[in-house]
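Visitor: Questions regarding the structure given below will be posed in turn.
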Amino acid sequence: MIVNKSKEKYLIEELLGSKARVKILKVLAIHKELTISLIINKTKLNYNNVLKHLTYLKAVNLIDEKKFGRIKIFRYKIENIKARSLKKLIEIWEGNF
């Protein structure tokens, strides 16, 4: 069997294995787009921790990063079926359905 090495597989356990990452996902799913400062403010996490998790979330294709000069906006990729499914799970779990 030939395995495609160029496309890395990310497991759900890795995605949801961090409370901080889940907080960031939840905040972005609810607000759609936020700067890193607003993410830090809403999650009460530190800059380095948020940056590390945002990098991971970009790698798994759940968020996008847009740059406007020095300002970076992080956007939840609702067009991604996995992101849409996670948003629905958050809505059901939090009782917002």
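The values are calculated or read from the model by the stated rules, or taken from the named source; none is laboratory data. The model shown is predicted, which means the values in this text are computed figures rather than measured ones. Neighbour counts run over all protein chains shown; Cβ positions are idealised from the backbone, glycine included.
Visitor: Does any residue of the range 2-19 turn out to be assigned to a loop (DSSP other than H, G, I, E, B), at pLDDT 95 or above and over 17 Å from Lys82 (Cβ atoms)?
Guide: Looking through the range 2-19, none of the residues is assigned to a loop (DSSP other than H, G, I, E, B), at pLDDT 95 or above and over 17 Å from Lys82 (Cβ atoms).
Visitor: Taking the range 63-97 on its own, how many of its residues are within 17 Å of Lys42 (Cβ to Cβ), in contact with a Lys or Arg (Cβ under 7 Å, 6 or more places away or on another chain), buried (at least 16 other Cβ atoms within 10 Å of the Cβ) and modelled with pLDDT of 95 or more?
Guide: 2
Visitor: With (1) buried (at least 17 other Cβ atoms within 10 Å of the Cβ); (2) under 13 Å from the mean Cα position of the chain (by Cα) as the list, and His31 as the residue in question, which single condition is left unmet?
Guide: (1)
Visitor: Then there's this: Please enumerate the residues belonging to the range 42-97 that are in contact (Cβ under 8 Å) with a residue 40 or more places away in the chain, assigned to a loop (DSSP other than H, G, I, E, B) and over 16 Å from Ile12 (Cβ atoms).
Guide: Ile78
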